[in-house]
1. Give just the number: which of (1) under 13 Å from residue 52 (Cβ atoms); (2) in a loop (DSSP other than H, G, I, E, B) does residue 83 not satisfy?
2. Looking at region 3-36, which of the residues that are more than 22 Å from the chain's Cα centre (by Cα) and of a type in the set (A, V, I, L, M, F, W, C) is surrounded by the fewest Cβ atoms within 10 Å (Cβ to Cβ)?
3. Just to confirm my filter: which helices (runs of 4 or more DSSP H) fall fully inside region 92-180 and include at least 2 residues that are modelled with pLDDT of 95 or more and either under 21 Å from residue 76 (Cβ atoms) or in contact with a Lys or Arg (Cβ under 8 Å, 6 or more places away or on another chain) (or both)?
Amino acid sequence: MSPPPKQPYYTVENLEPMRSFGFLIKRCGTLMSLLAESRFESQPISFLQFMVLMKLRFQPHMSATQLSCEIGHDMGAMTRVVDSLERAGFVRRERSQQDRRAVEIALTPEGRRQADGSVHILVDALNELAEPFTTNEIEILISLLQRMLGRLQEHADAQPAARAEAEKPARHSKAAGGKS
(Lines give C-alpha, C1' and ligand atoms only; values in the text may rest on other atoms or scores of the structure.)
Protein backbone atom coordinates (compact mmCIF):
# COMPACT_ATOMS: atom_id res chain seq x y z
CA MET A 1 0.00 0.00 0.00
CA SER A 2 1.42 3.40 -0.93
CA PRO A 3 1.43 6.36 1.45
CA PRO A 4 -1.36 8.89 1.04
CA PRO A 5 -0.56 11.81 -1.25
CA LYS A 6 1.35 14.53 0.49
CA GLN A 7 -0.69 17.67 0.98
CA PRO A 8 0.99 20.86 -0.23
CA TYR A 9 2.41 22.88 2.64
CA TYR A 10 1.44 26.23 1.13
CA THR A 11 -1.99 27.28 -0.07
CA VAL A 12 -3.27 30.55 -1.49
CA GLU A 13 -4.99 31.13 1.85
CA ASN A 14 -2.02 30.48 4.15
CA LEU A 15 0.84 32.09 2.23
CA GLU A 16 2.22 35.08 4.11
CA PRO A 17 5.72 36.58 4.04
CA MET A 18 6.82 35.65 7.56
CA ARG A 19 5.86 32.01 6.92
CA SER A 20 7.37 31.78 3.41
CA PHE A 21 10.84 30.21 3.40
CA GLY A 22 11.56 32.07 0.15
CA PHE A 23 10.82 35.45 1.71
CA LEU A 24 12.65 34.57 4.94
CA ILE A 25 15.80 33.40 3.12
CA LYS A 26 15.82 36.50 0.92
CA ARG A 27 15.26 38.84 3.87
CA CYS A 28 17.96 37.13 5.94
CA GLY A 29 20.38 37.44 3.01
CA THR A 30 19.61 41.13 2.62
CA LEU A 31 20.06 41.85 6.33
CA MET A 32 23.23 39.74 6.53
CA SER A 33 24.71 41.69 3.61
CA LEU A 34 23.89 45.00 5.32
CA LEU A 35 25.53 43.77 8.53
CA ALA A 36 28.64 42.58 6.69
CA GLU A 37 28.88 45.80 4.65
CA SER A 38 28.79 47.85 7.85
CA ARG A 39 31.55 45.68 9.37
CA PHE A 40 33.75 46.28 6.32
CA GLU A 41 33.30 50.08 6.27
CA SER A 42 36.60 50.63 8.10
CA GLN A 43 38.50 48.09 5.98
CA PRO A 44 40.62 48.72 2.88
CA ILE A 45 38.21 46.56 0.85
CA SER A 46 34.43 46.45 0.64
CA PHE A 47 32.35 43.42 1.58
CA LEU A 48 31.69 42.76 -2.13
CA GLN A 49 35.42 42.82 -2.85
CA PHE A 50 35.97 40.49 0.10
CA MET A 51 33.37 38.07 -1.31
CA VAL A 52 35.26 37.97 -4.62
CA LEU A 53 38.56 37.31 -2.84
CA MET A 54 36.98 34.56 -0.73
CA LYS A 55 35.39 32.90 -3.76
CA LEU A 56 38.80 32.89 -5.47
CA ARG A 57 40.41 31.59 -2.28
CA PHE A 58 38.35 28.40 -2.64
CA GLN A 59 38.18 28.27 -6.45
CA PRO A 60 41.48 29.68 -7.72
CA HIS A 61 40.51 30.55 -11.31
CA MET A 62 37.11 31.85 -12.35
CA SER A 63 35.79 33.87 -15.23
CA ALA A 64 34.15 37.19 -14.47
CA THR A 65 30.88 35.62 -15.65
CA GLN A 66 31.25 32.76 -13.14
CA LEU A 67 32.08 35.21 -10.35
CA SER A 68 29.09 37.35 -11.29
CA CYS A 69 26.76 34.35 -11.23
CA GLU A 70 28.13 32.87 -7.99
CA ILE A 71 28.05 36.15 -6.08
CA GLY A 72 24.79 37.36 -7.65
CA HIS A 73 26.05 40.67 -8.98
CA ASP A 74 25.52 42.04 -12.47
CA MET A 75 28.36 41.66 -14.96
CA GLY A 76 29.09 45.39 -15.34
CA ALA A 77 29.39 45.86 -11.60
CA MET A 78 31.53 42.72 -11.29
CA THR A 79 33.90 44.04 -13.96
CA ARG A 80 34.36 47.24 -11.95
CA VAL A 81 34.96 45.26 -8.75
CA VAL A 82 37.55 43.06 -10.47
CA ASP A 83 39.17 46.17 -11.99
CA SER A 84 39.52 47.74 -8.53
CA LEU A 85 40.91 44.51 -7.05
CA GLU A 86 43.37 44.23 -9.94
CA ARG A 87 44.55 47.84 -9.43
CA ALA A 88 45.11 47.04 -5.74
CA GLY A 89 47.18 43.98 -6.70
CA PHE A 90 44.74 41.48 -5.14
CA VAL A 91 43.76 39.68 -8.36
CA ARG A 92 45.12 39.30 -11.87
CA ARG A 93 43.52 38.42 -15.16
CA GLU A 94 45.15 35.55 -17.00
CA ARG A 95 44.46 33.33 -19.98
CA SER A 96 42.60 30.12 -19.22
CA GLN A 97 44.70 26.97 -19.44
CA GLN A 98 41.68 25.11 -20.90
CA ASP A 99 40.65 27.77 -23.44
CA ARG A 100 43.29 30.33 -24.41
CA ARG A 101 40.54 32.64 -25.73
CA ALA A 102 39.02 32.92 -22.25
CA VAL A 103 40.24 35.13 -19.43
CA GLU A 104 40.08 34.02 -15.82
CA ILE A 105 40.48 35.93 -12.60
CA ALA A 106 43.13 34.60 -10.23
CA LEU A 107 44.00 35.52 -6.67
CA THR A 108 47.47 36.98 -6.12
CA PRO A 109 49.51 36.24 -2.98
CA GLU A 110 48.62 39.76 -1.77
CA GLY A 111 44.94 39.04 -2.43
CA ARG A 112 45.17 35.83 -0.40
CA ARG A 113 46.77 37.77 2.47
CA GLN A 114 43.98 40.37 2.30
CA ALA A 115 41.28 37.67 2.32
CA ASP A 116 42.97 35.76 5.15
CA GLY A 117 43.42 38.98 7.13
CA SER A 118 39.78 40.01 6.72
CA VAL A 119 38.00 36.70 7.24
CA HIS A 120 37.82 37.27 11.01
CA ILE A 121 35.38 40.15 10.38
CA LEU A 122 32.84 37.81 8.83
CA VAL A 123 33.57 35.04 11.35
CA ASP A 124 32.86 37.46 14.21
CA ALA A 125 29.61 38.64 12.59
CA LEU A 126 28.41 35.08 11.93
CA ASN A 127 29.28 33.98 15.46
CA GLU A 128 27.36 36.95 16.84
CA LEU A 129 24.31 35.91 14.81
CA ALA A 130 24.70 32.26 15.84
CA GLU A 131 25.02 33.07 19.54
CA PRO A 132 21.41 32.35 20.59
CA PHE A 133 21.38 28.98 18.80
CA THR A 134 22.77 25.62 19.89
CA THR A 135 25.44 23.91 17.82
CA ASN A 136 22.86 21.30 16.84
CA GLU A 137 20.40 23.98 15.68
CA ILE A 138 23.09 25.63 13.56
CA GLU A 139 24.04 22.29 12.01
CA ILE A 140 20.37 21.56 11.22
CA LEU A 141 19.92 25.03 9.69
CA ILE A 142 23.00 24.58 7.51
CA SER A 143 21.87 21.11 6.45
CA LEU A 144 18.39 22.34 5.54
CA LEU A 145 19.76 25.31 3.59
CA GLN A 146 22.15 22.99 1.71
CA ARG A 147 19.23 20.73 0.83
CA MET A 148 17.18 23.72 -0.33
CA LEU A 149 20.12 24.95 -2.41
CA GLY A 150 20.40 21.51 -4.01
CA ARG A 151 16.69 21.44 -4.76
CA LEU A 152 16.81 24.90 -6.32
CA GLN A 153 19.87 23.90 -8.38
CA GLU A 154 18.02 20.80 -9.66
CA HIS A 155 15.16 23.01 -10.83
CA ALA A 156 17.52 25.50 -12.44
CA ASP A 157 19.41 22.71 -14.23
CA ALA A 158 16.21 21.04 -15.45
CA GLN A 159 14.71 24.07 -17.16
CA PRO A 160 16.61 26.06 -19.78
CA ALA A 161 14.68 29.26 -18.99
CA ALA A 162 15.23 28.81 -15.25
CA ARG A 163 18.89 27.98 -15.84
CA ALA A 164 19.36 31.14 -17.89
CA GLU A 165 17.64 33.19 -15.18
CA ALA A 166 19.71 31.56 -12.41
CA GLU A 167 22.89 32.37 -14.30
CA LYS A 168 21.80 35.98 -14.82
CA PRO A 169 23.13 37.98 -11.87
CA ALA A 170 20.81 40.00 -9.72
CA ARG A 171 20.47 43.70 -10.50
CA HIS A 172 21.74 46.00 -7.80
CA SER A 173 20.92 49.66 -7.67
CA LYS A 174 24.04 50.53 -5.71
CA ALA A 175 27.29 51.12 -7.59
CA ALA A 176 29.62 48.18 -7.09
CA GLY A 177 32.99 49.85 -7.03
CA GLY A 178 34.15 49.78 -3.49
CA LYS A 179 37.08 50.95 -1.53
CA SER A 180 40.66 50.67 -2.63
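1. Answer for residue 83: the failing condition is (2).
2. Start the filter on region 3-36 by keeping residues that are more than 22 Å from the chain's Cα centre (by Cα), which leaves 3-19.
In the following step, the residues that additionally are of a type in the set (A, V, I, L, M, F, W, C) were identified as 12, 15, 18.
On the way: 12: 5, 15: 12, 18: 7.
Result: 12.
3. Values: elements: 109-130, 135-158, 160-167.
Passing ranges, in order: 109-130.
Conditions (1) under 16 Å from residue 111 (Cα atoms); (2) touching a helix residue (DSSP H, G or I) at 6+ places or on another chain (Cβ under 8 Å), marked per residue:
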{"position": "7", "(1), (2)": "no, no"}
{"position": "19", "(1), (2)": "no, no"}
{"position": "46", "(1), (2)": "yes, yes"}
{"position": "53", "(1), (2)": "yes, yes"}
{"position": "56", "(1), (2)": "yes, yes"}
{"position": "62", "(1), (2)": "yes, yes"}
{"position": "68", "(1), (2)": "no, yes"}
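The values are calculated or read from the model by the stated rules, or taken from the named source; none is laboratory data. Bear in mind the structure is a predicted one, so any value in this text is a computation, not a measurement. Positions of Cβ are backbone-derived with ideal geometry, glycine not excepted, and every protein chain shown enters the neighbour counts.
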